[in-house]
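Asker: What follows is a single structure, and I will ask about it in a moment.
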Amino acid sequence: ARQVFRLMADNANVPIINAQDDEEHPCQVMGDLLTYKEKFGDDFRKKKIAMIWCPCPKPITAGIPHSLAIGGGKLGMNIVYAYPEG
């Protein structure tokens with residue numbers, strides 16, 4: 001999917017918004033970050049965020065954790081990841 005988005009963006013005359021691909025989920029994380037700010041105010045960057053998930057019977061990408069690491073890292077957030085084996 002990521003290659004398709006890149007191809008579209010390279011050939012489009014309008015902006016292409018990547019809502020989700022096989023590596024990232026930037027729109028979901030933007031919504032998450034806005035929710036943190038809404039719930040915790042301007043101090044949301046000082047909160048520790050725990051990203052926890054469990055195994056899924058079908059293969060899934062790590063798009064949300066990856067995008068949260070990028071967005072949260074740019075904002076100086078403290079993010080902890082936890083997941084069981086498998």
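The values are calculated or read from the model by the stated rules, or taken from the named source; none is laboratory data. The shown structure was predicted, so the numbers you read here are calculated from the model rather than taken from an experiment. With ideal geometry, Cβ positions are generated from the backbone for all residues, glycine too; neighbour counts draw on all protein chains shown. When the accessible area is computed, the model is the full protein with side chains, heavy atoms only, and any ligands, DNA or RNA have been set aside. Shrake-Rupley method; radii C 1.70, N 1.55, O 1.52, S 1.80 Å.
Asker: Which of the residues belonging to region 39-65 are modelled with pLDDT of 85 or more and closer than 30 Å to ALA1 by Cβ?
Answerer: Hits for region 39-65 are ILE49, ALA50, MET51, ILE52, GLY63, ILE64, PRO65.
Asker: OK, next. I need the full set of residues from region 37-46 which are in contact with a Phe, Trp or Tyr (Cβ under 9 Å, 6 or more places away or on another chain) and either surrounded by fewer than 13 Cβ atoms within 10 Å (Cβ to Cβ) or in contact (Cβ under 8 Å) with a residue 40 or more places away in the chain (or both), in order please.
Answerer: Correct list: GLU38, LYS46.
Asker: So, LEU34, is that one out of contact with any helix residue (DSSP H, G or I) (no Cβ under 7 Å at 6 or more places or on another chain), at pLDDT 90 or above and farther than 23 Å from MET77 by Cα or not?
Answerer: No.
Asker: Counting only residues that are surrounded by 13 or more Cβ atoms within 10 Å (Cβ to Cβ) and either among the hydroxyl-bearing types (Ser, Thr, Tyr) or part of a loop (DSSP other than H, G, I, E, B) (or both), how many does region 48-65 have?
Answerer: Within region 48-65, residues that are surrounded by 13 or more Cβ atoms within 10 Å (Cβ to Cβ) and either among the hydroxyl-bearing types (Ser, Thr, Tyr) or part of a loop (DSSP other than H, G, I, E, B) (or both) number 3.
Asker: Further question: Within region 66-79, which residues are open to solvent by 70 Å² or more (accessible area, probe 1.4 Å) and closer than 13 Å to GLN20 by Cβ?
Answerer: Correct list: HIS66 only.
Asker: Restricting to region 5-30, give me the number of residues that are part of a helix (DSSP H, G or I), out of contact with any Leu (no Cβ under 6 Å at 6 or more places or on another chain) and surrounded by 11 or more Cβ atoms within 10 Å (Cβ to Cβ).
Answerer: So the count comes out to 9.
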